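Only one structure is covered here, and it is reproduced in the block below.
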Amino acid sequence: MVRSPRVEALAVAALLVLAGCGGFVANGVDSSAEQPTATETAMPDASSPAAANGTLEVHFINVGQSVATVLVSPDNETMLIDSGDFTDDGEYVLQYLDRQGIDRIDHFVVSHNDADHIGGNAAVIRHYETEKNGVGAVYDPGIAASTQTYERYLDAVDAHDVTLYETREGDRIAFSGVETTVLGPPEPYLENRARNENSIVLRIEHGETSFLFTGDVEDDQEAYLVDTYGAALGSTVLKAGHHGSASSTDGPLLDAASPRTVVVSSAYDSQYGHPDNETLQRLSARSVPTYWTATHGDTVLTSNGTAVTVSTQRAAPTDPLSLRSGDPISPGTTEPVTQRATYLPRLSPRTDTPAATDTPAVTDGGTPTGSTSGDLIIDRVHVDAAGDDWDNLNDEYVVFRNAGAEPLDMRGWTVSDEADHTYTVPDGFTLDPDETVTLHTGSGTDTATDLYWGSERPIWNNGGDTVTVIDANNETVLERSY
């Protein structure tokens, strides 16, 4: 990562020019140390996540047809990724940051220099350098834009002497309390230095959970990421690329990242049609719950290292094909957020090798097949039913998935909470490979995709609980806390 001074070009565009390695210390890290290569920065094996302490918060701010995301690490460091559109000069972002009591931006990441991502850069830098406790450093992919918005951003960097890094794949951002990996843009730049295709891409890990931020990358950089990192892109949460456009968040990236949930940031009445129906179809085909800032409002994701809880200002559909049936919520709305759902990472629920169950799975033809109970995973836990939990018990549920290659015969298996409320899976129930079943707390008619506990009261504690599944041989299949 290279410190880049502003250089005035004789042409219309202002340019960020490579200035050579600095050898200074920023945020307590000696940046003169040799930067690791892309190979060295490959993500660790998902089967052995780092231990997590504290809580990581990720706030997707509702800024209309633009993007602004603020992160607060377990060590209380802050990172701002983008600052919204040029038309509001950072107003919504600054209002939100003030409401959150954030008095310093330790890391300001500019995904790319389009005006809908850097619109508030100058205002944020000016505000934090003159009225708050400053901006630690700015991280920029190094491709200029010929706009007044970009000029004002660089003017603010110069006026307040803020450290500016040109940031590329393999660089490190020392975001205290979590593991941050820069996956893009690569060297050399892609597609003749197109700004979208050379967005900064970050993957941030906290314990077993992870977040993938893709800026406005489109097909070229998505293909590069998939080819270079493959399954190591796996993330609990994916920020949809390019506001959910058809040219981003394509099938290969979704398959590699395999997110539990996706967040889209765009306007309700986007002139570009974001999110595009093609993107929503891809998400729907993979059963990925999707949050849209235009209908959910400010969306806050909280990770304790083992699960990610999503809170939004409004309850709105998360089925990708139903997103537009939600009511719009205006940027700047100050309603508080309410917890909506909890998502567990796509990791084996057991750290040891799962033991095979003695109860064989049975195919439709009646032929016994081998089965591994450890193949059952939790896709998501929806603990906060719409309205009064007691009156809407079937909107409290747990979604299980068979992540294995063989059917799971789940007859006689039990599901329980920390208070030992217990549900028993009915005889004859089999979960096919890569299929899901939703266990609702209330009553209804069991099907291949929906089971009903039959409880007359809520089961799952909104403030945290443990889901335990035990098979017919009294072996613990999974035990996951949220």
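Determine ³J(HN,Hα), in whole Hz, for all residues of region 392-398 in sequence, where each value follows from phi through the Karplus function 6.51 cos²θ - 1.76 cosθ + 1.60 and θ = phi - 60°; x replaces Gly and Pro.
9, 4, 7, 8, 9, 7, 10
If I stretch the segment between residue 481 and residue 272 completely, what's the gain in nm (0.36 nm per residue apart, minus their alpha carbon distance), one decimal?
71.2 nm
HN-Hα J couplings of region 241-255 from phi, Karplus 6.51/-1.76/1.60, θ = phi - 60°, integer Hz, Gly and Pro as x?
Working through the residues one at a time gives x, 6, 6, x, 5, 5, 7, 10, 6, 7, x, x, 5, 4, 5 Hz.
Within region 256-295, which chymotrypsin sites (Phe, Trp or Tyr not before Pro) sit in a loop by DSSP and count at most 15 neighbouring Cβ atoms inside 10 Å? Provide the component values of the computation, followed by the final result.
Working: sites: 268, 272, 291, 292; in loops: 268, 272.
Loop-located and lightly packed - 272.
Keeping all protein chains in place and using 1.4 angstrom, which order do 421, 243 fall into by accessible surface area, from largest down?
Putting 421, 243 in descending order of accessible area: 421, 243.
Quick one: accessible surface of residue 110, probe radius 1.4 Å, all protein chains present, in square angstrom to the nearest 10.
Answer for residue 110: close to 0 Å² accessible.
What whole-number value in Å² describes the accessible area per residue of region 56-343 for a 1.4 Å probe?
31
Quote the charge dipole size of region 56-343 about the Cα centre in Debye, to the nearest 20; the model charges only the Cβ of Lys and Arg (+1) and of Asp and Glu (-1).
Roughly 800 debye for region 56-343.
Give me a comma-separated list of calculated 3J(HN,Hα) values for region 223-240, in order, Karplus coefficients 6.51, -1.76, 1.60 applied at θ = phi - 60°, integers in Hz, x for any Gly or Pro.
Those phi angles translate into 5, 4, 4, 5, 5, 7, 10, x, 5, 5, 6, x, 9, 5, 10, 10, 7, 4 Hz.
For region 65-160, which trypsin sites (Lys or Arg not before Pro) pass both filters: DSSP loop (anything but H, G, I, E, B) and at most 16 other C-beta atoms within 10 Å?
104, 132
For 222, 335, give me the order by solvent-accessible area with a 1.4 Å probe, most accessible first, ignoring ligands, DNA and RNA.
From most exposed to least exposed: 335, 222.
Provide the solvent-accessible area of residue 325, counting protein heavy atoms only and rolling a 1.4 Å probe, rounded to the nearest 10 Å².
Accessible surface of residue 325 is approximately 90 Å².
Accessible area per residue for region 376-481 in Å², computed with a 1.4 Å probe and the full protein assembly in place, what is it?
On the way: 4580 Å² over 106 residues.
Value returned for region 376-481: 43 Å² of accessible area per residue.
For labels at residue 57 and residue 99 in the simple 7 Å Cα→Cβ model, what's the distance in nm?
1.2
Consider a paramagnetic label point 7 Å from the Cα of residue 155 along Cα→Cβ; state which residues of region 58-90 have an amide N under 17 Å from it.
Hits in region 58-90 for residue 155 at 17 Å: 86-90.
Name the residues whose placed amide hydrogens come within less than 5 Å of the amide hydrogen of residue 109, ignoring near sequence neighbours (fewer than 5 apart) on the same chain.
Amide H to amide H, under 5 Å and 5 or more residues apart or across chains, residue 109 pairs with 80, 81, 82, 139.
The values are calculated or read from the model by the stated rules, or taken from the named source; none is laboratory data. Please read all numbers here as calculations on a predicted model, not as lab measurements. Here the Cβ is made from the backbone with ideal geometry for all residues, glycine too, and neighbour counts use every protein chain on show. Accessible surface is based on the protein model in full, side chains and every heavy atom, while ligands, DNA and RNA are left aside. Shrake-Rupley method; radii C 1.70, N 1.55, O 1.52, S 1.80 Å.
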